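The values are calculated or read from the model by the stated rules, or taken from the named source; none is laboratory data. Nothing here was measured: the structure is a model prediction, and the numbers come from that model. Cβ placement follows ideal geometry from the backbone for every residue including glycine, while neighbour counts extend to all protein chains displayed.
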């Protein structure tokens, strides 16, 4: 089984304090740690597990600048066989529609049975690349995937719905499956694995190498144009409890007690 | 280019709340641009649901086909493409749900109509579609313009719009199903319910919710002890279930449970929308997070910006002190 995994190099922001930069349209990137998008991490792990079970290859593909090699090397260290990075100054400002077009141009000449990607990216959260790419490739797709069972020419997948409910659907292969977090437990990478991956080749492709023009990519080829970034309005401003940890603990306990809960 | 389409989402015979939320927003935009609102219902044996929708829109387009009984993005895409090509709505709206995210991106790509996903607000300004959405897990909002086109597709976030029931008495118009061929790439098999869990977090008076900020599984007993000191129950956000530190019956949020305890203590939870949706109506919310800008503080009664590992042991002993006994 030949599997392609689409990954994105994103800043880790779940636990970080983030600031809007001077352009007012993006966040301050300095000081943030970049890594593989969390959802893509699960997609990669799933791909490697399928390869370990059924044989075949795993190719990791990203669209990004040179620093995105960090994410590709992580993929190689974790069991991907090949890595490709599509990179070009013209790609700057691409939204997920433009990214899907770039990925399609790279992937259409490659053999694959399965394409896995994260259900969404933790930075922009568009939740779009998988099904858009499937449409461009003319293959089946499923999103919010929590379980994959491969059969003869088909995959049976569990999709996460709301409120804990799941549905099982069968898709014909080849297929693009967008993976939800929690589908597996991504493995840790050994230091030896990382060292080995440092030596492996990462193939780069520019706009000239793929079948797209300047107008198809970047801001020109995108649907969304960010005009303004701002701090979300507050629904209910918390009253901040201040003091030493001891004083704060006493205040919290006092509030809970005042509600008759202690 | 005329009118606004809202695609109804239904499951197991029931129209989902997101549909009425989207219809409410759709109506507002239709009024702003002096246009009409049409609900689109695809299914089988859903005449009753069509009637319900007619109370919210001027028109209900109904397509019935056995192939549309359960949601299948492939079948839905074919029917919706045909309806959009025929009626040319300016805007097609649906929920940013597991239903909408499976359908909208592919539909938009096929029709070459720009798609804006997970919108929390939208309006037309001088014929330009302007949308508001969140990025970085809800830490920032962005306003974005959508590239000019004949028509647009948007998915809207759950609970972003409060349902208002208008005094509409719409007409139900049946359209023939365009599905002449078999659906070959995708097949719905069945719904599966999560295995019944050992604990019902919706019944607890006090919930201690734990998130990513707990960092390591070895810290879990510490929060468990705090929950115990309060006679409460341990709950969590998604990453904790993904890591396997708690079972999924403890998960609060859009893909877990909706809770409304007398007190919800959020520890190391940043407050992504998906989690907040499940707990924001709690009577009392106290959040501890080391990031002063964490979105959770915009939904809490009390906030503490501090290392939770400093607060936790002290809080536990304070609680036992108030109870008049030693920890």
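Residues in region B:5-32 that are in a loop (DSSP other than H, G, I, E, B), in contact (Cβ under 8 Å) with a residue 60 or more places away in the chain and surrounded by 15 or more Cβ atoms within 10 Å (Cβ to Cβ): how many?
Residues flagged as in a loop (DSSP other than H, G, I, E, B), in contact (Cβ under 8 Å) with a residue 60 or more places away in the chain and surrounded by 15 or more Cβ atoms within 10 Å (Cβ to Cβ) within region B:5-32 amount to 2.
Which one of B:233, B:259, B:276, B:241 is surrounded by 18 or more Cβ atoms within 10 Å (Cβ to Cβ) and within 7 Å of chain A (Cβ to nearest Cβ)?
Answer to the check: B:241.
One line per residue, one yes/no per condition, for (1) modelled with pLDDT under 95; (2) in a loop (DSSP other than H, G, I, E, B); (3) surrounded by fewer than 21 Cβ atoms within 10 Å (Cβ to Cβ); (4) over 21 Å from the mean Cα position of the chain (by Cα):
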{"site": "A:31", "(1), (2), (3), (4)": "yes, yes, yes, no"}
{"site": "A:35", "(1), (2), (3), (4)": "no, no, yes, no"}
{"site": "A:40", "(1), (2), (3), (4)": "no, no, no, no"}
{"site": "A:44", "(1), (2), (3), (4)": "no, no, no, no"}
{"site": "A:49", "(1), (2), (3), (4)": "no, no, yes, no"}
{"site": "A:52", "(1), (2), (3), (4)": "no, no, yes, yes"}
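Look at region A:1-23 and say how many of its residues are over 18 Å from the mean Cα position of the chain (by Cα), part of a loop (DSSP other than H, G, I, E, B) and more than 10 Å from chain B (Cβ to nearest Cβ).
4
Is it the case that some residue within region B:302-323 is over 18 Å from residue A:254 (Cα atoms) and in a helix (DSSP H, G or I)?
For region B:302-323, residues over 18 Å from residue A:254 (Cα atoms) and in a helix (DSSP H, G or I): present.
Scan A:225, A:196 and give me the residue that is under 27 Å from the mean Cα position of the chain (by Cα) and assigned to a helix (DSSP H, G or I).
A:196
Taking region B:244-256 only, how many residues are at the interface with chain A (Cβ under 10 Å from one of its Cβ atoms), surrounded by fewer than 24 Cβ atoms within 10 Å (Cβ to Cβ) and closer than 16 Å to residue B:212 by Cα?
2
Please tell me if residue A:157 is in contact with a helix residue (DSSP H, G or I) (Cβ under 9 Å, 6 or more places away or on another chain), more than 7 Å from chain B (Cβ to nearest Cβ), touching a residue at least 12 places away in the same chain (Cβ under 8 Å) and not in a helix (DSSP H, G or I).
no
Identify the single condition in (1) within 24 Å of the chain's Cα centre (by Cα); (2) loosely packed, with under 13 Cβ neighbours inside 10 Å that residue B:181 does not satisfy, given that it satisfies every other one.
Of the numbered conditions (1) within 24 Å of the chain's Cα centre (by Cα); (2) loosely packed, with under 13 Cβ neighbours inside 10 Å, the odd one out for residue B:181 is (1).
Return the only residue of A:117, A:143, A:127 being more than 17 Å from residue B:187 (Cα to Cα), crowded, with 22+ Cβ neighbours inside 10 Å and within 11 Å of chain B (Cβ to nearest Cβ).
A:127 is the lone residue from the list that is more than 17 Å from residue B:187 (Cα to Cα), crowded, with 22+ Cβ neighbours inside 10 Å and within 11 Å of chain B (Cβ to nearest Cβ).
In region B:112-143, what residues are touching a residue at least 40 places away in the same chain (Cβ under 8 Å) and either within 21 Å of the chain's Cα centre (by Cα) or within 8 Å of chain A (Cβ to nearest Cβ) (or both)?
B:115, B:119, B:120, B:122, B:123, B:134, B:137, B:138, B:139
Which of the strands (runs of 3 or more DSSP E) contained wholly in region B:144-196 include at least 1 residues that are without any contact (Cβ under 8 Å) to a residue 60 or more places away in the chain and out of contact with any helix residue (DSSP H, G or I) (no Cβ under 6 Å at 6 or more places or on another chain)?
Fully inside region B:144-196 and qualifying: B:186-192.
Determine whether region A:60-69 contains at least one residue that is in contact (Cβ under 8 Å) with a residue 60 or more places away in the chain, part of a loop (DSSP other than H, G, I, E, B), surrounded by fewer than 20 Cβ atoms within 10 Å (Cβ to Cβ) and at negative phi.
Checking region A:60-69: not a single residue is in contact (Cβ under 8 Å) with a residue 60 or more places away in the chain, part of a loop (DSSP other than H, G, I, E, B), surrounded by fewer than 20 Cβ atoms within 10 Å (Cβ to Cβ) and at negative phi.
Given the criteria part of a helix (DSSP H, G or I), closer than 30 Å to residue B:318 by Cα, in the same structural domain as residue B:315 (by TED's automatic domain parsing) and in contact (Cβ under 8 Å) with a residue 40 or more places away in the chain, does residue B:226 qualify?
yes
Quick one: would you say residue B:109 is within 7 Å of another protein chain (Cβ to nearest Cβ), in contact with a helix residue (DSSP H, G or I) (Cβ under 9 Å, 6 or more places away or on another chain) and farther than 22 Å from residue A:39 by Cα?
Criteria met by residue B:109.
Among the residues of region A:150-164, write down those that are surrounded by fewer than 17 Cβ atoms within 10 Å (Cβ to Cβ), modelled with pLDDT of 95 or more and closer than 30 Å to residue B:258 by Cα.
A:156
Taking the conditions exactly as written (free of Cβ contacts under 8 Å to residues at least 40 places away in the same chain, surrounded by fewer than 20 Cβ atoms within 10 Å (Cβ to Cβ) and within 13 Å of another protein chain (Cβ to nearest Cβ)), does residue A:167 satisfy them or not?
For residue A:167, the condition - free of Cβ contacts under 8 Å to residues at least 40 places away in the same chain, surrounded by fewer than 20 Cβ atoms within 10 Å (Cβ to Cβ) and within 13 Å of another protein chain (Cβ to nearest Cβ) - is not met.
Just one of (1) within 21 Å of residue B:110 (Cβ to Cβ); (2) more than 9 Å from every other protein chain (Cβ to nearest Cβ) trips up residue A:133, so point out which.
(2)
Just a yes or no: is a residue in region A:100-110 part of a loop (DSSP other than H, G, I, E, B), more than 10 Å from chain B (Cβ to nearest Cβ) and in contact (Cβ under 8 Å) with a residue 12 or more places away in the chain?
yes
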